[in-house]
Amino acid sequence: MLFAGFPLVGGDQLLLHCRSHRLLFHTFKPIVISPFIVRSSSSSIKELDTSSSSEAEDDRKLSSTLSGSVSFPPVKVAKRVVLVRHGQSTWNAEGRIQGSSDFSILTQKGEAQAETSRQMLIDDSFDICFSSPLRRSKRTAEVIWGSRQEEILTDSDLREIDLYSFQGLLKHEGISKYGEAFAQWQKDAPNFNIDGHYPVRELWDRASNCWNKILIHDSRSVLVVAHNAVNQALVATAMGLGTEYFRILLQSNCGVSVLDFVPHPEGGSPYICLNRLNQTPSSPIASGSSAGRKASNRIVLVCHGIPEGSDSESDNSDMPMDMLGTIQSQKTAELLLDLKVKSIVSSPRIAPTETANAIARVQEAADCLGADCVPRYVETKQMKELDIQDILNRSKKESIKASSLESGWVNEIEEGLLREIWEKSGIAWKSVLDELCKESEAENVVVAVGHPIFNIGLLGHCLNLTNEWMGSFHLDAGSISVIDFPDGTAGRGVARCINYTAHLGRWSIPITRPTQDDEEF
């Protein structure tokens, strides 16, 4: 759970480095960069003119997938982009399909969520804010932006997905009125066609266009406030993921996602890393749906607490946790109280085993706070497949410390060792899925505890990526990532959150960059 009183931002920690020129990122294909014009307005909000000729629009080709990432304009300095979805709206509360309509406004809960996000980001020195022009998003941006003097720029490309005739319908109305078309929207959105349009493909095209405008802006720290679907598309297109990832990268009301863009030493498209996904104002594991569907199966990836000696030249998970690591594991155990964990698997090393035991102790005590209660047993087991310390020990990198992992740190590991980690994590992912399938109850939760690099490998296999994408993710010590399976373990995993650290309170890694004018984040 996120508490606004905790200093989740600011600080003087170095969050972003790019020391190695041998970074493993996927190839890019070019896209035309569209200029934009800022129109003056009487308020503090300006609108970006993103209109283009109808001929250019007709010539624009839409694809259901993107192989690799689009080519983005180069950045001169490291740039951090913070994406926030608007707070709960009146139509969210009613269960109506909003699309790009502008009839709903923030509810009282939505206003409170926006205020929580403001507190999360209050110490950040954002250079600029881009917002959707729709009222629910614009109002959220105004709350978060607060008393900052810089103006908010609205961009129509940041509006929510265009759903044409579906907009305003309740679910049962969509089913009764559109039948087969509504079923396709729910089950095969990338190929869903309505009123002669492919909304998801159009959205991906729009998101790519947004990145061009955001990245050419002369700024280092950017706030973007928009909507569920468009924020999904922004994350996916930045990472080179196609429309098949729609509804896979969850965006909750006022959830915060962070992307880092690092200059390429030879110019051209920057290196891109997803620093975190969907850090929410409320608990990321509270009961609810994933992409509109009830999820009965869940895997929680926990990065073990910091081991002793992490301030030395190496980080050995076969050491007991230090005091900070112990605090991190306890905070994680408390967060997971919202779940009934069936089993916990961990690397056999000391630090992850201690983290797993801390979670198990709290879980077992949760149902036995009264005098006559019988403790619930949580199965804990060690999996040698989750151990990669021997591989890390062979790394030529001076240190891979859980206490000081920086965005893009995965790329400093030698390519051969990364391949080994990837192959081993693939075996482990199958083992973790098998563990989830063993449980026969309606709701099953398995927790896997390991080193951040290994959990990145598990995430990659879950999302059906290849090892070239490992450098596109970042995880911190003590963080959790949640994967839901709304269609069962045979279906696709939905990333509910990645690198969630708000539960660590004052010991968490800041969401955004420091306020100091440093050369690096």
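Observations, loosely collected:
- Shown for segment 168-221: the carbon plus sulfur share of the solvent-accessible area, taken with all protein chains present and a 1.4 angstrom probe, equals 49%.
- Solvent-accessible surface of protein heavy atoms, probed at 1.4 angstrom with all chains present, puts S269, S147 in the order S147, S269, largest first.
- Accessible area (Å², per residue) of segment 417-470, counting only protein heavy atoms and a probe of 1.4 Å: 37
- Taking the 1.4 Å solvent-accessible surface of segment 438-477 as the whole, the part contributed by carbon and sulfur is 41%.
The values are calculated or read from the model by the stated rules, or taken from the named source; none is laboratory data. Everything numeric here is computed off the predicted structure, so don't read it as measured data. Note: accessible area is taken over every heavy atom of the protein model, side chains too, but ligands, DNA and RNA are not part of it. Shrake-Rupley method; radii C 1.70, N 1.55, O 1.52, S 1.80 Å.
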